[in-house]
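The values are calculated or read from the model by the stated rules, or taken from the named source; none is laboratory data. Model, not experiment: these values are computed from the prediction. When we count neighbours, we look across all protein chains shown, and the Cβ atoms used for this are built from the backbone with ideal geometry, even at glycine. Side chains are part of the model used for accessible areas, which takes the heavy atoms of the whole protein and leaves out ligands, DNA and RNA. Shrake-Rupley method; radii C 1.70, N 1.55, O 1.52, S 1.80 Å.
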Amino acid sequence: MYQTKIAGVGMYVPDRIVKNEELASMIDTTNEWIVERTGIEQRRWFKPGVDSTSSMGTRAAEIAIEKAGLEKQDIDFVVFATLSPDYIFPGSGVLVQEQLGLDTVGALDVRNQCSGFIYGLSIADQFIKTGQYQNILLVCSEVQSNTFDLTDEGRSMAVIFGDGAGALVLSRSEDESQILSTHLHSEGKYAKELILEEPSTLEEKRIMPDLMQRAGRWPYMNGRNVFKHAITRMSESINEALEASDLNKEDIDLLIAHQANLRIAQGVQKKFGLSDDRVFNNIQKYGNTTAASIPIALFEALEQGRFKRGDVLCFTAFGSGFTWASALLKY
Ligand code: COA
């Protein structure tokens with residue numbers, strides 16, 4: 001069996017910075033409320049006609065490939081994680097294959113929302129472990145700002161989520177670097193706690209004439225329930241990963257939790273008694289970029305020298321589905 005290592009990381013965010021004060025000029029909220037409840041100070045919004053989920057993913061992927069010291073032609077397979085694909089079909093993976101000018105490699109789309117990065121990581125790891133592929137591009141990208149209800153009713157979503165992309169090249173390891181384990185979970189009874197229902201194939205016609213009057217056209221989140229489950233499930237999944245590798249919390253050099261909400265990440269940090277130098281958060285600058293949040297944080301942590309080869313990294317995520325996941329790896 002082969003092992004998988006992170007060979008390169010990239011990120012891309014749109015130029016447009018939306019500070020809390022700008023949001024407060026559109027909806028009934030304040031900078032103080034957002035910072036206190038979520039830690040977020042600003043986020044990025046895409047520019048229609050300039051950015052798209054696939055184009056942002058492609059930009060992040062180009063950086064990841066370059067950092068890995070590879071050529072585009074070295075990529076054997078694409079995994080694309082998003083909840084906001086360019087189209088309902090086809091998925092955005094094939095668009096990245098085209099935009100990067102890759103050979104006719106396979107492209108798989110993962111629809112696991114905030115857990116999409118770790119689900120994608122796990123899939124790539126299995127393909128590399130079995131020897132089927134040597135270099136896999138994992139792309140995570142989201143355009144969420146164009147689904148916000150920018151009235152007071154939609155404020156709980158609008159203050160949290162942002163746009164951006166992160167990408168990894170995962171390669172067959174030739175040294176000690178390896179993904180130690182991944183752990184994936186779901187609990188569909190909570191599907192409607194964080195959901196964008198419409199347009200839906202449950203209807204006679206996917207686009208019903210009264211779509212613009214239907215509440216389900218806006219994303220819905222039961223914030224309190226999500227908050228409670230997120231801390232519990234992310235903590236459980238970290239313990240699961242530590243047990244699987246016979247490690248304990250002292251062995252974690254850096255924890256990167258999905259950037260859902262700074263209070264959630266800090267809740268997990270507290271449960272494990274990790275000092276600030278052993279966690280990395282950047283939700284303050286980007287908001288919750290769903291599948292892209294961990295790879296964006298990973299890129300910035302690496303650029304800032306927050307971890308090095310041989311360090312034990314732990315990832316954990318929770319989101320719509322509910323889905324949650326963890327991964328432990330030796331970088
Ligand atoms: N700005 C200002 N006030 C707001 C507000 C906003 N954006 N949203 C809600 N409020 C107000 C409410 O009206 C309420 O006021 P009241 O006490 O006078 O009735 C008060 O703030 C508390 O509302 P509530 O909805 O209970 O807030 P909360 O403390 O649960 O915080 C979230 C809301 C969304 C920030 C919080 O639930 C959360 O972060 N949940 C997790 C979300 C998440 O991480 N999602 C991503 C998962 S991947």
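Return the carbon/sulfur percentage of the accessible area of region 28-133, one whole number, probe 1.4 Å, all protein chains in place.
50
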Where the centre of each part is set by its Cα atoms, how far does region 152-182 sit from region 192-222, in angstrom?
26
Compute the normalised compactness of region 179-330: alpha-carbon radius of gyration over 2.2 N^0.38 Å, N being the residue count.
1.19
Just name one of L302, L202, F280: the one whose Cα is farthest towards the positive end of the charge dipole of region 179-330 (beta-carbon charges, Lys/Arg +1, Asp/Glu -1).
L202
Whole Å is fine, so just give me how far the alpha carbon centre of region 279-331 lies from that of region 226-242.
15
Could you run the Debye sum over the Cα atoms of the chain, one equal point scatterer each and no solvent, and tell me log10 of I(q)/I(0) at q = 0.12, 0.13 Å⁻¹, two decimals?
-0.78, -0.92
What helix-only [θ] at 222 nm does the chain give? Using -39500 (n - 2.57) per DSSP H run of at least 4, over all residues, to the nearest 500, the answer is -9000 deg cm²/dmol
Please give every one of the lysines within straight-line cross-link reach of K308, meaning a C-alpha to C-alpha distance under 20 Å, and leave out same-chain neighbours fewer than 8 residues apart.
K5, K67, K249, K330
For the chain, built as a Gaussian network whose Cα springs stay under 10 Å, the top-fluctuating residue of R44, R233, R278
R278
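Determine how many Å³ per residue the convex hull of the Cα atoms of region 4-174 encloses. Could you put the intermediate results ahead of the total?
Details: hull volume 19.9 nm³, N = 171.
Measuring per residue, one finds 116 Å³ for the Cα hull of region 4-174.
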If each part is reduced to its alpha-carbon centroid, region 93-120 and region 1-62 end up apart, in Å, by 19
Carbon and sulfur together cover what percent of the accessible area of region 179-330 at a 1.4 Å probe radius?
49
In Å², rounded to a whole number, the accessible area per residue of the chain with probe 1.4 Å is 43
According to the square roots a ≥ b ≥ c of the eigenvalues of the Cα gyration tensor, what is the shape class of region 207-263, taking rounded for a/c under 1.5, prolate for a/b larger than b/c otherwise, and oblate for the remainder?
prolate
